[in-house]
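First the structure, in the form of structure tokens, and then the observations on it.
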Amino acid sequence: MVEAAAAFIRRRVKGTAEIGVLTGTGLGASTGSLSVEKTLAYADIPNFPESTVVSHAGRLLFGSMAGRSIMVFQGRFHLYEGYTPREVVFPIRVLQHLGVKYLIVTNAAGGLNLDFNPGDIMLIHDHINLTGANPLVGPNREKWGERFPDMTRVYDKTLVHTVELTCRNLKIDIRKGVYAGLLGPSLETPAEIRFLRAIGADAVGLSTVQEVIAAVHAGMKIAGLSIITNVSDPDDPVPASVASILEVANRAAPVVDQIISGLVGSIGVH
């Protein structure tokens, strides 16, 4: 299935891409500086799942950014939609088959660190998988990666440093923290927020960890960005609406685009 999807894409784009980008909720515009050469709807790609979540466009863009060829998946798949972990990471396996070596992931996340503010951008330096699922469960495909991939350096230190340098040069304030991935789709209770803070999480969301695990298995170098759409204080809980989350993510998208463009242009340079 992966080979068929990759072959379909390869026949329709010119050249190859070394960098892949996976955008999260409300962040379709976070690659606005991409010069698009080809657009493919997920529905047209063989074996591709359907993106059902609001603000996930469900399309693959191929083009250039900062002088580099990249592929951008606008929209991802989630466990809470009913997809299996292997279906969630299908785009990652396709990128792997196409020879992509670097992965940039973005997401919209709830802030747990009370020093954060809505609209902040957090550079992910580690994550906690609390989904109860793992895309590597089952028979291991040796050509995809080793049976027990090491997870001590998930987010590449060089890419993390490059993002920090890019933000410094662009005078963009950026946070740094640990992302906790939950199953969803229900959001967190105050007691769950206290638990997540106690175990060291700075932000929480319902995506990302499955794709990142598969990317580690694939040997990719990874950078992750979370847009903090709301901050959850368990002692003063405020309901979070999808509309408000999307509004904050949409406002942050152009800044994320600047960061991604700076990172893409620097990959392999430093």
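The values are calculated or read from the model by the stated rules, or taken from the named source; none is laboratory data. Since this is a predicted model, take the numbers as computed values, not measurements. Cβ placement follows ideal geometry from the backbone for every residue including glycine, while neighbour counts extend to all protein chains displayed.
Listing for the model above:
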quantity	calculated
Checklist (1) under 20 Å from the mean Cα position of the chain (by Cα); (2) surrounded by fewer than 18 Cβ atoms within 10 Å (Cβ to Cβ) applied to Pro237, failing item	(1)
Conditions (1) over 18 Å from the mean Cα position of the chain (by Cα); (2) over 21 Å from Arg251 (Cβ atoms); (3) not hydroxyl-bearing (Ser, Thr, Tyr): number failed by Leu183	(1)
Any pair with Cβ under 6 angstrom, 6 or more apart, that starts in the range 249-270 at a residue that is assigned to a helix (DSSP H, G or I) and ends at one that is surrounded by fewer than 19 Cβ atoms within 10 Å (Cβ to Cβ) and hydroxyl-bearing (Ser, Thr, Tyr)	Asp257/Ser33; Ser261/Ser33
Per-region count, the range 60-96, residues touching a His at 6+ places or on another chain (Cβ under 7 Å) and in contact (Cβ under 8 Å) with a residue 60 or more places away in the chain	2
Top-ranked residue in the range 96-125 [being farther than 30 Å from Gly268 by Cβ and in a strand (DSSP E or B); ranked as nearest to the chain's Cα centre (by Cα)]	Gly110
Those helices (runs of 4 or more DSSP H) lying entirely in the range 142-242 with at least 3 residues more than 27 Å from Ile260 (Cα to Cα)	190-198
Residue match in the range 214-235 (condition: farther than 16 Å from Tyr102 by Cβ and of a type in the set (Lys, Arg))	no
Among (1) surrounded by 20 or more Cβ atoms within 10 Å (Cβ to Cβ); (2) of a type in the set (D, E, K, R); (3) over 22 Å from Val89 (Cα atoms) - the single one Glu211 does not satisfy	(3)
Only one of Gly99, Gly110 that is on the phi > 0 side of the Ramachandran plot and touching a residue at least 60 places away in the same chain (Cβ under 8 Å)	Gly99
Test: residue in the range 174-188 that is modelled with pLDDT of 95 or more, surrounded by fewer than 17 Cβ atoms within 10 Å (Cβ to Cβ) and farther than 23 Å from Gly75 by Cα	yes
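Let's see how each residue does on (1) under 20 Å from Ala41 (Cβ atoms); (2) of a type in the set (Phe, Trp, Tyr); (3) surrounded by fewer than 23 Cβ atoms within 10 Å (Cβ to Cβ):
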{"site": "Ser64", "(1), (2), (3)": "no, no, yes"}
{"site": "Met71", "(1), (2), (3)": "yes, no, no"}
{"site": "Arg86", "(1), (2), (3)": "no, no, yes"}
{"site": "Pro91", "(1), (2), (3)": "yes, no, no"}
{"site": "Gln96", "(1), (2), (3)": "no, no, no"}
{"site": "Ile104", "(1), (2), (3)": "no, no, no"}
{"site": "Ala109", "(1), (2), (3)": "no, no, no"}
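So that you can scan it fast, the table gives a plain yes or no per residue for (1) of a type outside the set (A, V, I, L, M, F, W, C); (2) closer than 26 Å to Gly82 by Cα; (3) modelled with pLDDT of 75 or more; (4) in a strand (DSSP E or B):
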position	(1), (2), (3), (4)
Gly26	yes, yes, no, no
Ser33	yes, no, yes, no
Thr39	yes, no, yes, yes
Asn47	yes, yes, yes, no
Val53	no, yes, no, no
His56	yes, yes, no, no
Leu61	no, yes, yes, yes
Ser64	yes, no, yes, yes
